[in-house]
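Heads up: the structure comes next, in structure tokens.
The values are calculated or read from the model by the stated rules, or taken from the named source; none is laboratory data. These figures come from a predicted structure and were not determined experimentally. So basically every Cβ, Gly included, is an ideal-geometry build from the backbone, and we count neighbours across all protein chains shown.
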Amino acid sequence: MSDTATPRLFGLPPGADFPAEFLAGLERRLDGTPPEDWARVEIWVNTQRMRRRMQDLLQAGPPRLWPRIRLVAELSGHPVLADLPPPPSPLRRRLELARLVGLLLEREPDLAPRSAIYDLADSLATLMDEMLAEGVAPQALDDLDMGTLSEHWARARRFLGLVRDYLGPELTARGSDGARQRLAAERLAERWRTDPPDHPVIVAGSTGSRGATALFMAAVARLPRGAVVLPGFDFDMPAATWASLDDVLAAEDHPQFRFRRLFDRLGAEPGAVRPWCEDSRPPGPARNRLVSLALRPAPVTDQWMDEGPNLENLGAATAELTLIEAPSPRAEALAIALCLREAAETGRTAALITPDRTLTRQVTAALDRWGILPDDSGGLPLPLSPPGRFLRQVAGLFGQRLTVASLLALLKHPLTASGTGQRAHHLLWTRELELELRRNGPAFPDGSAFLAWAGTGREDGRLGWARWLASAMDGLDQAGTEPLTTHVERHLALAETLAGGPAGAASGGLWAEAAGEAALAACANLRAEADAGGPMSPADYAALFDAILREHEVRSAVEPHPGIMIWGTLEARVQGAERVILAGLNEGSWPETPPPDPWLNRQMRADLGLLLPERRIGLSAHDFQQAIGATEVVLSRAVRDAEAQTVPARWLNRLTNLLGGLETNDGPEALKAMRSRGGNWLRLAVALDRPEAGTLPAPRPSPRPPVDDRPRQLSVTAIERLVRDPYAVYARYILHLKQLDPLLHRADAPLRGTVLHKVMERFLEAPLDSDPARAKARLLSLADEVLADEAPWPAARTLWRARLQRIADPFLQDERARQAEAHCIACERRGEVTLDCGFRLTAEADRIDLRPDGRLVLYDYKTGTPPSVKSMEVFDKQLLLEACIAERGGFERITAAPVDHVAYLGLGNPPKTVANPLADGLVNRTWEELGQLIARYGQDEQGYTARSRVQKRTDRTDYDLLSRHGEWDETARPEPQEVGR
């Protein structure tokens, strides 16, 4: 530390354990000095994790006085700024900007949807902060040349000018964190020119990617007792390559670009950087040289051909590299989890480094099967925590009618009615209310619906529960545009009411534990600053609240595994893990796609001297180069995601291409070995989900319940199911299981069939008009009436009416011919008949006509494709069984008579009639076959086989999940099973 050469720049190579190597180098420099010299050292680091790692190393080392370890971000609160007023709350500033953005969107609605107000305000605040941190005056916006740019960018610049004028002197006098950091760096640099500190000042682990940080690093590097220690400095990169990093538009995505900018600021050359530890070597020097060559800037990649053949044994350089190319994100997560588990079992430390938070959650879930909880530096996003989800659900209730789905999602949330001793009754009444709403509605329940339901049940406390629910939910749809303070108070009051439960137990468990405390802090901050928000709609408030929660994370209170870590890419500099897994190495994930800037395009940012979008890619590249130099490294990516093939990350692509081309150095063999090691992990991942030997799939069920428990009455449609899928009859009529009604009733095919049946029933109540135009008008008029009652979906009503209108003419023409042969005597008529064995067959005929000769004709309406005559005789026996009932006088108020024929009237486009003349005694034969069928199911040995004769293997039934269809198929032999004995 006594060296007087300035600027004083040092570096540690990629892969070095930066905190450990830094402290080791510091110890050598302080060797032989008084113990108090350690306490006089001032160290500035870039992340909290870096500081904690250094503190852990100091605590584990020999007893000594500790140096002062500070964060660069703490410059905004440095005493050198004591004369400035306190900085404004970031939330208040964003709320004020959100008001301006809202006014802009009122004037320019095509700029963005209103749901993006807070995101735009956040990006605007970030832009202003960046301008001040980079030393760009807001007035520079006025000097931008907009001659060749579109009107959109000109409009954006005008708006930025409005914001600048609105914030005025407050922006520069009080400033944001970035502005205050730059001002602190400038003041310290000015002070240190004449009065440098008499103790060592070191900036360690920062790349100087931001202007304020780079200014501070330059000031420290010039101090007589100052030093800057650069992380992941590429000592293998030649001078010519350093010289090629002079074009900001072309080189900003290179991992070493930020160091080049720092050298330019200091007027130094890359050769001025000296090793911090002369005798320290990175874990893989040969690998560092390989990666350095692979990451050369695009204009100088011809150096691959010049320098590539000179690389030493690539097999040794890549011996500790593994490449996992998984077929899917799930397979990638399982393979990574196995890597981490193996490290935990062998007592090694391992770290997963990725910016893909979805992947980290998948890996965490996979590790949970072995009881391993990783130390995740990112934590859980607050919106995904139980309080975050609950508060977002409550915020979404205002300003719109309450639906059954949103009501039940809220009532079933674990925090609803979480007061002591209330949850069991709450869940019981929620379940009963759900069944009522599914069956009988209404689609938009309110307090009166809750009270009506509770009044029909026994007095067991549910009425009080319903009153609590009604008082909480009524009137929410009346919320309109109001001040933010009103929205906040009403939102939090409702959330606490619902969480407290009907007994009024304060706020229940809403604010409990770590997640609840984080949510309470976020809500308290919003409540304190809400007066700056101005009026907003309920939808705007819900979007604002969601955006505020996304700024917070929750750390688990459970003690994680000490040796299994999940880090963000920035924390790759911390190192210290024996196995490092770099995952999600796909374009769009790592590196992440730069977010769009709604205010300034790339050229405008370059003209202003701001950071380009490629800065993020360059930082990611540096993190990659730093992490891949670790002792053992696993590179991982998914070849395909849920939508399409993925593109490998550019750095991984460069590395594999370089290795594949170095045939004289055994590069292809080294790459093949990397993939082979990755394939081993993928095979283990596949084996993880493979059933154990001896584990058999579920058999194709064919239950045989006691004969006394078998149904003694079925409808004609149930007889069809008994022929095609006997298991469905077993589940429905013996187990009494029925699919729940949907939460949201939709305009589906069954409802369309019901509507058309009612239209036809009402149409046949009066004689057919002789005028085709009047008949068609009456048919469509009746359709309008039925649709208005049965289909509360305007789009569905319009579509279904149009379909009926298209088939009306041919249908009426056919109907005229049908009525010339017979006249309708019954619609939707019930009937039943009893077999000799005592079994009752029931039916409800769509339509029965009587011919002049006394014979009957039975019709059934089909909105889909009618079955063929052959199918009617073998499987679809509904009409044939109705004919059996009719010939035996089973239909109400209709005398027994022979049936002339039966027919399906297809109401598709075009209409299609499929008639069966009932030749060769088909009705009597059907009756005999019915008796045989019922007799067979009256025997103990006859089972109800699942999907016995389904029409198509792709058909899905309500009971496939119950029968575990999928573990078996229609080719499997049924296995009879005695049940209920």
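Restricting attention to the stretch 308-324, does a residue exist that is more than 24 Å from G576 (Cα to Cα), within 24 Å of the chain's Cα centre (by Cα) and assigned to a loop (DSSP other than H, G, I, E, B)?
The answer is no, given that none of the residues of the stretch 308-324 is more than 24 Å from G576 (Cα to Cα), within 24 Å of the chain's Cα centre (by Cα) and assigned to a loop (DSSP other than H, G, I, E, B).
Of the residues L469, L433, only one is buried (at least 18 other Cβ atoms within 10 Å of the Cβ), farther than 19 Å from L391 by Cα, modelled with pLDDT of 90 or more and in the same structural domain as G533 (by TED's automatic domain parsing); which?
Values: L469 fails: farther than 19 Å from L391 by Cα.
Only one candidate passes the filter, namely L433.
Residues that are touching an Asp or Glu at 6+ places or on another chain (Cβ under 7 Å), in the same structural domain as T322 (by TED's automatic domain parsing) and of a type outside the set (K, R): does the stretch 670-679 have at least one?
Looking through the stretch 670-679, at least one residue is touching an Asp or Glu at 6+ places or on another chain (Cβ under 7 Å), in the same structural domain as T322 (by TED's automatic domain parsing) and of a type outside the set (K, R).
Can you tell me which residue in the stretch 814-824 is nearest to E892 (Cα to Cα), limited to those that are in contact (Cβ under 8 Å) with a residue 24 or more places away in the chain and surrounded by fewer than 16 Cβ atoms within 10 Å (Cβ to Cβ)?
Ranking the qualifying residues of the stretch 814-824, first place goes to H823.
Given the conditions (1) in a helix (DSSP H, G or I); (2) in contact (Cβ under 8 Å) with a residue 12 or more places away in the chain, and given that A424 satisfies all but one, which numbered condition is not satisfied?
(2)
This table checks each residue for (1) loosely packed, with under 15 Cβ neighbours inside 10 Å; (2) closer than 21 Å to E669 by Cβ; (3) at pLDDT below 90; (4) touching a helix residue (DSSP H, G or I) at 6+ places or on another chain (Cβ under 9 Å).
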{"position": "C277", "(1), (2), (3), (4)": "no, no, yes, yes"}
{"position": "R289", "(1), (2), (3), (4)": "no, yes, no, yes"}
{"position": "S292", "(1), (2), (3), (4)": "no, no, no, yes"}
{"position": "M305", "(1), (2), (3), (4)": "yes, yes, yes, yes"}
{"position": "N313", "(1), (2), (3), (4)": "yes, yes, yes, yes"}
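Going by what's in this entry, would A443 be described as surrounded by fewer than 17 Cβ atoms within 10 Å (Cβ to Cβ), aliphatic (A, V, I, L, M) and either touching a residue at least 40 places away in the same chain (Cβ under 8 Å) or outside the structural domain of D477 (by TED's automatic domain parsing) (or both)?
Judged against the criteria, A443 is a match.
I'd like to know if the stretch 957-972 contains one or more residues that are more than 15 Å from P705 (Cα to Cα), in contact with a helix residue (DSSP H, G or I) (Cβ under 9 Å, 6 or more places away or on another chain) and β-branched (V, I, T).
Yes, the stretch 957-972 contains a residue that is more than 15 Å from P705 (Cα to Cα), in contact with a helix residue (DSSP H, G or I) (Cβ under 9 Å, 6 or more places away or on another chain) and β-branched (V, I, T).
Enumerate the pairs (first residue in the stretch 378-389 and at pLDDT 90 or above; second residue anywhere and β-branched (V, I, T)) with beta-carbon separation below 6 Å, excluding pairs fewer than 6 apart on the same chain, so at least 6 apart or on different chains.
From the stretch 378-389, the pairs are L382/V554; S385/V554.
Among the candidates D198, D234, which residue alone is in the same structural domain as D264 (by TED's automatic domain parsing), outside any strand (DSSP E or B), in contact (Cβ under 8 Å) with a residue 60 or more places away in the chain and among the acidic types (D, E)?
Result of the check over D198, D234: D234.
With the condition kept exactly as written, say whether any residue in the stretch 642-655 is buried (at least 23 other Cβ atoms within 10 Å of the Cβ) and assigned to a loop (DSSP other than H, G, I, E, B).
Yes, the stretch 642-655 has at least one match.
Across the stretch 726-764, what is the total count of residues that are over 38 Å from the mean Cα position of the chain (by Cα) and over 14 Å from A783 (Cα atoms)?
5
Filter the stretch 676-732 down to residues that are assigned to a loop (DSSP other than H, G, I, E, B) and surrounded by 13 or more Cβ atoms within 10 Å (Cβ to Cβ) and give me whichever is modelled with the lowest pLDDT.
A698
Which strands (runs of 3 or more DSSP E) does the stretch 893-981 wholly contain that include 1 or more residues that are under 23 Å from S868 (Cα atoms), touching a residue at least 40 places away in the same chain (Cβ under 8 Å) and among the aromatic types (F, W, Y)?
Fully inside the stretch 893-981 and qualifying: 899-906.
Taking the criterion of being under 49 Å from the mean Cα position of the chain (by Cα) and either assigned to a strand (DSSP E or B) or over 25 Å from K952 (Cα atoms) (or both), would at least one residue in the stretch 863-883 satisfy it?
No, every residue in the stretch 863-883 fails to be under 49 Å from the mean Cα position of the chain (by Cα) and either assigned to a strand (DSSP E or B) or over 25 Å from K952 (Cα atoms) (or both).
Within the stretch 83-110, can you find the residues that are in contact (Cβ under 8 Å) with a residue 60 or more places away in the chain and not in a loop (DSSP other than H, G, I, E, B)? Show your work before the answer.
So in the stretch 83-110, the residues in contact (Cβ under 8 Å) with a residue 60 or more places away in the chain come out as 84-93, 95-100, 102.
Hits for the stretch 83-110 are P90, L91, R92, R93, L95, E96, L97, A98, R99, L100, G102.
Would you pick out the residues in the stretch 38-53 that are assigned to a helix (DSSP H, G or I), touching a strand residue (DSSP E or B) at 6+ places or on another chain (Cβ under 7 Å) and either under 17 Å from V228 (Cα atoms) or of a type in the set (A, V, I, L, M, F, W, C) (or both)?
Of everything in the stretch 38-53, just one residue is assigned to a helix (DSSP H, G or I), touching a strand residue (DSSP E or B) at 6+ places or on another chain (Cβ under 7 Å) and either under 17 Å from V228 (Cα atoms) or of a type in the set (A, V, I, L, M, F, W, C) (or both), namely R51.
With the structure loaded, tell me whether A98 is modelled with pLDDT of 80 or more and small (G, A, S) or whether it fails that test.
yes
In the stretch 245-282, which residue that is basic (K, R) and not in a helix (DSSP H, G or I) is farthest from A16 (Cα to Cα)?
Here the residue is R274.
Is it true that some residue in the stretch 766-776 is under 51 Å from the mean Cα position of the chain (by Cα) and part of a helix (DSSP H, G or I)?
yes
Just to confirm my filter: which helices (runs of 4 or more DSSP H) fall fully inside the stretch 347-414 and include at least 2 residues that are basic (K, R)?
Those helices (runs of 4 or more DSSP H) span 357-367, 386-395.
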